[in-house]
Each structure stands twice: as C-alpha cells, then as structure tokens.
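The values are calculated or read from the model by the stated rules, or taken from the named source; none is laboratory data. Just so you know, these numbers come straight off a predicted model, no measurement behind them. Cβ: placed from backbone, ideal geometry, glycine included. Neighbour counts: every protein chain shown. Remember, those area values only see protein heavy atoms, side chains included, never the ligands or the DNA or RNA. Shrake-Rupley method; radii C 1.70, N 1.55, O 1.52, S 1.80 Å.
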Amino acid sequence: MIYDLLIIGGGPGGYTAAERAGAAGLKVALFEQNKLGGVCLNEGCIPSKALLNSAKLYNQARDSQVFGIKTSETSYDQSQVIKRKNKVVRMLVAGVKQKMKASGVEVIEAAARISGRDGDLFCLHDAFDKKYSGRNLIIATGSVPAIPPIPGLKEALASGFVVTNRGILDLTEIPSHLVVIGAGVIGLEMASYYRTVGSEVTVIEQQKKIAGETDPQISELLLRDLERKGIRFLLGAKVTNVGTDFVSYEQDGIIQELAADCVLCAVGRRPAVSDLGLETIGIAPENGAVGTDAQGRTNVPGVYAVGDVNGIWMLAHAAYREAEVAVNTILGREDKVSYLNCPSVIYTSPEVAWVGLTEAELEQAGKPYRKVELPFSYSGRYQAETEREASLCKLVLDEESMTLAGCQLMGPYASEFIVAVGIMIEQKLTLDEIKAQIFPHPTVAEVIREAIFML
Ligand code: NAD
C-alpha cells in the first residue's frame, strides 16, 4: 500500500493534519506511540485546565461571602479532581479517535522510524518492523521536557521527588511545600494551582522577571498579585543541586538549601527529534529543531514539520494552523502561516494573554507608537463580578499605519477575548475601523473598546 501522506505524531499538529488530509480524500497513515492527542490533551493544556478550574471553584467557594454566599465548610478533594481530569482526557482522546475514523485516517498505535527513501517515496518502519511508504511525510513529534544538567536532578526524577509537566498533573496528594524550578508558563500555572489548593509554594527563576518575554509591566503586576496570594519567588536564582528532599540554589553569590516535598522542573521544552531517522532522508535539525518555511516545508521536498518539533511557537494552536497550511500545500492550495495573530495565554489566576508586539519591541524597532493602559474596572461586567483582582489592558498602536500593533491583558476572560484583538491586528484594521465595531454589553471585553477610544 502506498499512502499519500505519512504522519509521525498524533498530537494537535499530527491529528489536525490527518483530519484535514483525510477529509480532502488523501490516503493517510498516522503513527502515535503513546496516546492520540499528544502532550496537549494527555499531559498539558487540557488536564491542567481541568485542575485549574477546580482550584478556581474552590477559591470562589471560600471567598464567596462578599458575594452574599455563606458556606459552612469547604474542602478540597484532590483525588476526585484527578479522577475528573482523567475522565475529561479520556473523553477528548476518544473524540480524536472518532475524528480520525470519520476522516478515513489509518491510525497505527506504534512508534515510527524513518528508514530512508524508495525512489520518490518516503519509507517508515513501525515498532513491529512493518514497512510503510508514502509520497509525503509530516513530522509532528512534538517536544519533551528540557532537563538541565543539574547534579542530582536525574536521580531525583527517577525517584519521583522531582516531576515534570506529566507528574505534576497526577499528584493525588497536595504537597505541603512545592518547589517550582522555572517561572515560565508551566511553572506559573502549576504554582498558581498548588498555592490555591493549599501548598506552600516557592518558585526559583534564573531571570530577574517572571513569565518570559511578556510585557514587563504585566509581568510585574502578575508577580505582585501571585506574591499577595502567598507564592514565594526567588528571582535571579539558579538551582545548583537536587537532593532527596531538598534543592540548593544560588542567589547573589550565596548558596542556600530549601526543603521540599515535591519539586516541579519546568525550565522549557525541546523539540523531539531523537531516534527518528531524520538523517536517512537528509534532514539535519538546526538548533535542535526541524527547520521549516511558512508552508511548513523542510529542506527535503515532500517532508513537512508542524507543531513543537519545528521549535517556532511551541503552542497547540500554532500547531493546528501549521498543520492546515502544510496539508493545503500538499494539496497544491496556496496558503501560509502568519504568526501575527497568534495569541499566548498563561492560565494563572488572574489570566494573562497577549498578541502582537509589545511596547519594548516597538521601541527597539524605532517605530513611532501610542499606548494606553486601563484596568479592567472600565468594564461594568468586571465590576459586577469581581472583587480585589489585579488587572490591566494595554494596547499599543503603530502611529504610521494607525493600526493596532499589540495587546497585553491580565484579568478574567482574557484568554477568551484575546482572539478578537488578534483578528484586528491580522486584518490590519485601522483605529477608526475598530471604533466602528460593536462589542456585546456588558462584557469584560469592552475594556478593549474603552481603551481604543483613548488612543
Ligand atoms: P518556559 O520556556 O515558558 O519557561 C521556563 C523558565 O525556566 C524560564 O523563565 C527560564 O528562565 C527558567 N529556567 C531555565 N533554566 C532554569 C534554571 N536552571 N533554574 C531556574 N530557572 C530556569 O517553559 P515551560 O514553562 O517549561 O513551558 C514549556 C512549553 O510549554 C512552552 O513552550 C510553552 O509555550 C508551552 N506551554 C504553554 C502553555 C500555555 O500556552 N498556557 C502552558 C504550558 C506550557
């Protein structure tokens, strides 16, 4: 059997490519060595949102007096939360399976290794040494947690004292003291979760700021809010050693020890390119990732890379779009990925979401710009629903084109309405055109409309 398309990896990039290609009539084989849905569905985006929502409800139940609700006792059942999270994951994985079936995709539940070429065809072997040949190949193998060379870390990972994104979502007991290494997206979301449900939490971050490349103002506001909620941050600190029940870190030249019940290592992820046989078809990863152009094409005609493995955005929603573009390219339809409107979200409480350029990036590029900063309290719905939450809506406008260049948000529903701003940026709507848009009232998103009229 000769396939039109072979896909390695059944995460958001791989299964979206399979679904679109199958629906377009291509003969597709999708290889997945673990579970369909990949990291996002099984041990990332979705399970973490199930946990974070339980924590949010718990918090609301405890702090509900001000809203006129009295509860006699509120307690948190982590094993029930994990059980429910597992149910959600099972349902969604089954949904992906169903989609594959409906699109006529053959799913092979085994690891695949590229074994070279046979004329124009690409050849793969599965774990049972069965050979598959295809005219096109999509590499969608995702990423794996980065494990820095810290003495004792490997042993502590093996003993379970240190966990990564997978283990932290399966703890059936709340640790009394959780140490988080890395104040990036995973670190902050999990610090926020475990603090809300009762852990003492310390975050060790080597940079002087949290949340990576976010706007410094948002990062500072988030830091202060999370500190107010009881999370301790050690910034400009580096872990130097991991023991059996402690970590050592160096800050300002002084080495100190911190006892912990559990440590989360969240220092980034790296593209999964090992043992794939890429070299057999002439692909050499650059900086550890499979390089692509805006159509997802690698240096080898007929071979594409989508999702985390290309090292571009490492976000599930970027992977969806990259997969669609790669399939359209295979089908001969003109398409290309634009990351202009690709939003980023951190699902802490409060949520942080941003899209486009930051003020610092505009300054660096020497572009004339205007900015406006508003708290979410400019929205009536926000006032009606919220008590004591830090918030910020920051818009930056490109003064040359009078179009929006970027938006940074911190506050409730930010993850849900950032997409609208992304579309305004992508479509290059002018200030006047945005002013003419009707926002539903009352919504928290109206803070954008308020801000627009102040630019
Ligand atoms: P990250 O790159 O977001 O953050 C890692 C942090 O660890 C950085 O701030 C870095 O300075 C710090 N760090 C690195 N080495 C360190 C050390 N030795 N000691 C102390 N600090 C150190 O990585 P992450 O949080 O692991 O997330 C991984 C990937 O998963 C990201 O690409 C992210 O986009 C994706 N993800 C996205 C979401 C989301 O969209 N909400 C959620 C989870 C994960």
Item to check | Positions within the stretch 71-97 being without any contact (Cβ under 8 Å) to a residue 60 or more places away in the chain and open to solvent by 80 Å² or more (accessible area, probe 1.4 Å), in sequence order | outcome: S72, E73, S75, D77, Q80, K83, R84, K87, R90, M91
Checklist entry - For the stretch 322-440, list the helices (runs of 4 or more DSSP H) that sit wholly inside it and hold at least 3 residues that are among the acidic types (D, E); which are they? => result 359-364
Checklist outcome for this item: When every residue in the stretch 133-161 that is hydrophobic (A, V, I, L, M, F, W, C) and more than 12 Å from the ligand (Cβ to nearest atom) is compared, the one surrounded by the most Cβ atoms within 10 Å (Cβ to Cβ) is A140
Checklist entry - Within the stretch 290-300, is even one residue within 16 Å of the ligand (Cβ to nearest atom), under 22 Å from the mean Cα position of the chain (by Cα) and surrounded by fewer than 20 Cβ atoms within 10 Å (Cβ to Cβ)? => result no
Checklist entry - When you look at I312, is it within 16 Å of the ligand (Cβ to nearest atom) and assigned to a loop (DSSP other than H, G, I, E, B), yes or no? => result yes
Checklist entry - Considering the stretch 209-220 alone, what residues qualify as being surrounded by fewer than 22 Cβ atoms within 10 Å (Cβ to Cβ) and among the charged types (D, E, K, R)? => result K209, E213, E220
Item to check | Residue count, the stretch 246-278 (criterion: within 12 Å of the ligand (Cβ to nearest atom) and over 26 Å from V144 (Cβ atoms)) | outcome: 2
Next on the checklist: Take the residues in the stretch 27-43 that are in a strand (DSSP E or B) and buried (at least 23 other Cβ atoms within 10 Å of the Cβ); name whichever of them is farthest from the chain's Cα centre (by Cα).
Outcome noted: V28
Checklist outcome for this item: Checked the stretch 195-208 for anything within 12 Å of the ligand (Cβ to nearest atom) and open to solvent by less than 60 Å² (accessible area, probe 1.4 Å); matches are T202, V203, I204, E205
Item to check | Close pairs from the stretch 32-50: first within 17 Å of L188 (Cα to Cα), partner basic (K, R), Cβ under 7 Å, at least 6 apart | outcome: E43/R166; P47/K85; A50/R84; A50/K85
Checklist entry - Would it be correct to say that Y304 is open to solvent by 50 Å² or more (accessible area, probe 1.4 Å) and either of a type in the set (S, T, N, Q) or in contact (Cβ under 8 Å) with a residue 12 or more places away in the chain (or both)? => result no
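This table checks each residue for (1) modelled with pLDDT of 95 or more; (2) among the β-branched types (V, I, T); (3) on the phi < 0 side of the Ramachandran plot; (4) surrounded by 21 or more Cβ atoms within 10 Å (Cβ to Cβ).
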site	(1), (2), (3), (4)
I330	yes, yes, yes, yes
R333	yes, no, yes, no
L340	no, no, yes, no
A353	yes, no, yes, yes
G366	yes, no, no, no
P375	yes, no, yes, no
A384	yes, no, yes, no
E387	no, no, yes, no
Next on the checklist: Criterion first (touching a residue at least 12 places away in the same chain (Cβ under 8 Å), farther than 30 Å from A110 by Cα and not charged (D, E, K, R)) does L340 satisfy it?
Outcome noted: yes
Next on the checklist: Among the numbered criteria (1) over 13 Å from I139 (Cβ atoms); (2) in contact with a Gly (Cβ under 9 Å, 6 or more places away or on another chain); (3) assigned by TED's automatic domain parsing to the domain that holds R135, which one does H317 miss?
Outcome noted: (2)
Item to check | Those residues of the stretch 167-190 which are closer than 24 Å to R84 by Cβ, out of contact with any Cys (no Cβ under 6 Å at 6 or more places or on another chain), in a loop (DSSP other than H, G, I, E, B) and not acidic (D, E), in sequence order | outcome: L171, T172, I174, S176
Checklist outcome for this item: Residue hits (the stretch 221-245; more than 15 Å from the ligand (Cβ to nearest atom) and open to solvent by 20 Å² or more (accessible area, probe 1.4 Å)) are L221, R224, E227, R228, K229, G230, T244, D245
